[in-house]
1. Answer yes if at least one residue in the range A:296-305 is surrounded by fewer than 21 Cβ atoms within 10 Å (Cβ to Cβ) and within 14 Å of chain B (Cβ to nearest Cβ), and no otherwise.
2. Is the range A:482-497 home to any residue that is open to solvent by less than 10 Å² (accessible area, probe 1.4 Å), polar (S, T, N, Q) and under 26 Å from residue A:664 (Cβ atoms)?
3. Answer yes or no as to whether residue B:309 is surrounded by 21 or more Cβ atoms within 10 Å (Cβ to Cβ) and either assigned to a loop (DSSP other than H, G, I, E, B) or of a type in the set (A, V, I, L, M) (or both).
4. Do you know which residues across the range A:462-479 are touching a residue at least 12 places away in the same chain (Cβ under 8 Å) and surrounded by fewer than 17 Cβ atoms within 10 Å (Cβ to Cβ)?
5. Return the residues of the range B:125-134 that are part of a loop (DSSP other than H, G, I, E, B) and either touching a Ser or Thr at 6+ places or on another chain (Cβ under 6 Å) or buried (at least 23 other Cβ atoms within 10 Å of the Cβ) (or both); say none if nothing qualifies.
6. Residue A:555 versus (1) touching a His at 6+ places or on another chain (Cβ under 9 Å); (2) farther than 26 Å from residue A:650 by Cβ; (3) not basic (Lys, Arg): which is the lone unmet condition?
7. Return the pair list, or none, for Cβ contacts closer than 9 Å from residues in the range A:699-711 that are without any contact (Cβ under 8 Å) to a residue 12 or more places away in the chain to residues that are assigned to a strand (DSSP E or B) and open to solvent by 50 Å² or more (accessible area, probe 1.4 Å), at least 6 apart or on different chains.
8. Does at least one position in the range A:168-189 carry a residue that is part of a loop (DSSP other than H, G, I, E, B), open to solvent by 40 Å² or more (accessible area, probe 1.4 Å) and closer than 25 Å to residue A:463 by Cα?
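The values are calculated or read from the model by the stated rules, or taken from the named source; none is laboratory data. What you are looking at is a predicted structure, and each value in this text was computed from that prediction instead of being measured. Every residue, glycine as well, gets a Cβ built from its backbone with ideal geometry; the counts of neighbours run over all protein chains shown. Note: areas computed on protein heavy atoms with side chains; ligands, DNA, RNA excluded. Shrake-Rupley method; radii C 1.70, N 1.55, O 1.52, S 1.80 Å.
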Amino acid sequence: MSARSLARRVAKAPGGRQLTAQARLALAAKQVVGSGVFDLDWYQRQTGTTFPRVLPAVIHYLREGRRAELSPCPWFESRWYQPDPRKRRSGADPLVSYMGNPRHRRTKQPHPLLNPGWYVSEHPEAALHPAGVLGHVATVAGPDAVLDITHLLEIPATTTVGAVRAVAEAAVDEWRAHEALRCAPRRTPDRDRAAEAALRRRVAGLEAPSPSAPGLPVVSVVMPVWNRATTLRAAVESVQAQTWTDWELIVVDDGSTDDSRNVLEGLAAFDDRIQVVHAERSGVSRARNTAIAAARGRYVAFLDSDNTWQPDFLDTMLRVMSADGLGVAYASLELHRNGAVSYRAFGGGREFLRLDNHVDLNVLIAETELVRKAGAFSEDLRRAVDYDLVLKLTELSPAVHVPVIGAVYSDEEEAADRISVREPVTWNSVVRTRHVIDWDAAAGAARVPGRLSVIIPARDDVKRVRRCIVSLLGGAHDELDVEVLVVDRGSARASSITYRGFGLADQRVRTYRLPSDNGVAVAVAAGLPQTTGEFVAVVDPSVRFRPGWSRPLMEALTSGDTLAVQPLACGQDGTTLAAGLTFPVRGNLPLPLLQGHPVEDVRTLGAHVEVPALDGPVFALRADFLLELRGLNALLERTWLGADLSLRLRTARAGRLLVATESVVDVPETDDAGGGERDDEIFGAAWAHREPEGEHLWDASGFRLAHTQVDVDPASRRRRLVPVVVRPSHQVVDGPAAGLPSLRWAIKTPAPAGERALSWGDWHLAQSLAVALRRLGQDVVVDSKEAIHRATSRFDDVEVVLRGLTRVEPDEARTSLLWVISHPELVDGPELAAYDHAFVASYSWAQYARDTFGVSAEPLLQCTDAQLFTPEAGRPDTGPEVLFIGNSRGIFRPSVQFALEAGADVTIYGGGWGPYVDAERIAAPVLANDLVPEQYASAGVVLNDHWDDMRESGFVSNRVFDVLATGGRLVSDRVDGMTDLFGSSVLTWEDPHELLDFFSGDVRELFPPEAERRELAETVRKEHSFDARARRLLDVALELHR
Amino acid sequence: MRVLTVMAHYDGLGELAPHARRHVEALAPVSDRLIVVSTAEFRDEQDVRHLEKNAELIRRQNIGYDFYSYKVGLDAVSDLASYDLVVICNDSFVGPLRPYRRILDEMQQRPVDFWGMTQTRRRSHHVQSFFVAFRPWVVRSQAFTTFWRTMTPVSDRLQVIKLYEVGMSTRMLEAGFKAGSYLEESPADRRLARARMVWWGWHAAKARPQMPLLSTWRRLGGEPWNPMAALADVALEDGRLPLVKIDTLRYDPYRLGADRLLTACEQRFPEQFDGVRAYLERTAPLYPPRPQESEGPVVPPLPVRRTIGYAR
């Protein structure tokens, strides 16, 4: 019988399941202990308990710790390490799974800061360690052992084992301290009855407090009332029922419209201690402040008109406060909900209060003078005023918990008029932002001129934050003085460690952890004093910065009277997601400017577009402006944070809000956490009745905003202002196409949206074609693959599909042109016929299409950008001897392979070459398009080859035209028709031996002299330029459009 | 203290009954303004003159029971809120057995917003509507004004009780006002009332043959009582309950010996009860038995009479 079938039999026997579980646990524990990777100190640091030996700690880890995602050793994070799905399903311990999988031991990352590939290459013996790379790092490598952490932020960086451990330990200590704050027993199923009994015994012997002056009451009870006629009596009677009778009750009727006033009149008629103040409706805070101003008592207590006190509340509290000299004290609260009883009887101090309020106003008593000194209630708050008061009071005097039940609170049914029901919970965050930092001190702190501090409020999304930082730092210009502050919104321990680890990879990146997540505004407020830059940018972690984002943004930010700046944010399909807001109609719903439009539409407005309000996942401004406004509006969870800030900025000072359209960020995915309808309501209420603003921006972009309509999302019921836009037709005013209609063109490319498009030749071709068409007065946009069917296609007159890997069904509503520039094997007759006109970048394939499919396709070869590729771009023979620019495409491309075999000194710009050539041959993985002409013009020889099917189908690549347009010498594989086009100016080969022959001597001598090459260059630039192709496309489109 | 009183009057025979006459005479001296709203078709102009001498008389059609008369009377006063006390009452009882001045002075000290002679938990907590007094802040309240403004005449007795007698108290209590009553039931009163309910419950259960006897008895016997019936003889304690309902004497609803009660009252308060017995006899044909309530005065068995019967 096999061990497995024995185990199955045992499991089926009575009690067997338990037995096998025990056995599994014992086996796993033995394996973990035996591996030596379990770090007792580390584990104890997380649990806060001490284990006598390793084994009990390991068992604790296997039974409980791993479920709580505790880490068995500083180099293993189960959240990071992903075991096989099968193992995950079986519930096996991730550490045991890791150690049991030979491949994972060598290749899988057990920890975000550990790169197993690099580690094994440096320490080959680690692959043989029984616990793999993890085991080697944990048990063999010393604290000074070097680790490469380039992978972390894609910036070359090393650190040491000891440094990583120190970071991890610091993160754990901080996490534990924060957890203690966060998980404090603010609400418990029971209370300390022994303490309560002891207190009662003590109170019996305490003297009664005296009033501040003879004839005055000892305590003033403050009660605001607004339309609470039905509950008011019970509240007042609970005061009248107090065993402590020397009180005054000041009830402020905050403009009730029900019978509260009459009920109060009746109550006051029979009790002289009750004083009623009638006031105009002005909010609960002002009502309470009115009562506090009138209070004559030494102490002030607060009771809401829908709550009641226990009879001995005042007596107990006042005796204790007087005896102990307390300025602020609070009793316990008994809560009833859904039949369950719980207590708020926690005695935590200010550090706990800053996180969350555990003091109920109804059981709080404070010295009247102290309350007045604290400024009483903040009248600009509509909720959480009690929380705010408690925080203000505790700045002056500690709040002491008196363990007696002061009130019994039932929230079985939350009345609709309760503030906690009516007003958003985010008021608590507003209070937190006021108290989370010392705003005055922060405003006075010195800041580094010119430095941009980027605040990224991050939750448990390490991968997203990492990508954000990588793109941010990687895409910034070298001179930019930038620092990144990840404000960790109380994420899981493993994530917090990773965030801290970023600092090891790049010192410009720092982390500031908050004990819990209270929204973006609180995170930004908490992070502000940690930053040092003159400028601050708030960045949503979902953002990816496109290369070159920083210079235009900083230029806009530092220009004149700029208040704040945002980059142009693109959505998943590469179209405009956020380019500022307009307020085209009276009301409160903002209208995002040109949302869903291709970015070209926004860019027609200029590099710096002044907008009524910013709206986006990134915005930047002077740090002192943000400090002056006391940060973001914490009432908003997410949606209109930038818009609200913009409008507050404009209210506070004169200046401009700019969208830097040349600075681009992508938002490839958005999480839907927070905001939404609630933010709409809050923003709408805060900025209601705005005058229309920004309509001219639509006109300036070539559109006209006919009107707007409100759409309601059927799922979320969220209302949204939607523009109804038209595009007026017009004619070309000047230039070579003067007098012709200016059509709107959409060039559809197979390139993906966002930064990835930059590595696609089709994308650059489309951009160059667009530029050429614009020179003809046309209105052109370029669409990524994702935006092929974008909603704003309705404005387009002509669509030009650059056929690559993606087949696109033409839009029958507009003139459709197909230009097959690659992958002809994917194109068939029906596809060609579906378009109004088809072009093919090959003479021979156009003939083939006619012969095979019976469909006419016009030859239209690829071309070059004559503005960019000129003989003047570089001096011949001053660059690389042999040059290749292009990605490997996953193969050892033959032109490079054979040139190297021939002994040529090849320099490569391109990605994916690592497996094929020595690293020193790779000059850079990417070369910016505008730097390519210089390389071509200055190289000794430029290599080129085609895909096999392209070559066979007669598709001459654009590189051929580009090189020849610079007067460069080109060595290329032979494509049908190429010799007809360029004669002997291109060295072509069909057989690799031919290529080897070329390089047997000085290959340059095989080319015509420079003057002849220049002559050819001029011909190519004239006949095979984008301008020439654009003109042909325009002629055809106009013909069809008519 | 300025007092406004609106008294509703009805008499099927078209006369001013002796107890009603005395009631008007008792109200007049304590009221700054007394309005009698009568739905009776008086046969004797003397009665009309007597009323007009003591009060402002408003005569109207007999619809909508006493509550609509209250409304008509209240509507006739333009400065309701200027009174320190607004009283509504009717002629359905014999009394007051104590001077109204004494009653009003005592109640002036009680911290209540509106009050009656009695209050009951029957159906729902309410002040019994044959006598209710409102303090000025209640009279000024939305609850009070809305209640009277929206009132329409209802001519079904049980509906009137539900919508207006119970409904009025419910509206006031829900608005946050506190109710009180002149009769403060002592624990002994409550024990006696409970025992009398058990006695009544047995007969009421038997009157419902379609229901299981014992459980119905238990349920009915445990119901809240009507103090005007269950504690009617408290009146004999020097008018601690300062009135006796005509209905209690006529119907003996809890089968406690209404005859004995009337006799005892006649002996204890001869002046107030003068002519009451004759009035009951004269009007008997107008008041048919109430099914499931009572057929009329009974003589309870001796043990009952001795233990819980009226005037025991």
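1. no
2. no
3. Working: surrounded by 21 or more Cβ atoms within 10 Å (Cβ to Cβ): yes; either assigned to a loop (DSSP other than H, G, I, E, B) or of a type in the set (A, V, I, L, M) (or both): yes.
Criteria met by residue B:309.
4. Keep residues of the range A:462-479 that are touching a residue at least 12 places away in the same chain (Cβ under 8 Å), which gives A:462, A:464-477.
Selection gives A:474, A:477.
5. Applying the first criterion (part of a loop (DSSP other than H, G, I, E, B)) to the range B:125-134 yields B:125, B:128-130.
Passing the criteria: B:128, B:129, B:130.
6. The single condition residue A:555 does not satisfy is (2).
7. Close Cβ pairs satisfying both conditions: A:711/A:719; A:711/A:720.
8. Pass one, the range A:168-189, residues part of a loop (DSSP other than H, G, I, E, B): A:183-187, A:189.
Right, trim to open to solvent by 40 Å² or more (accessible area, probe 1.4 Å) and you get A:183, A:185, A:187, A:189.
Those left that are additionally closer than 25 Å to residue A:463 by Cα: none.
Checking the range A:168-189: not a single residue is part of a loop (DSSP other than H, G, I, E, B), open to solvent by 40 Å² or more (accessible area, probe 1.4 Å) and closer than 25 Å to residue A:463 by Cα.
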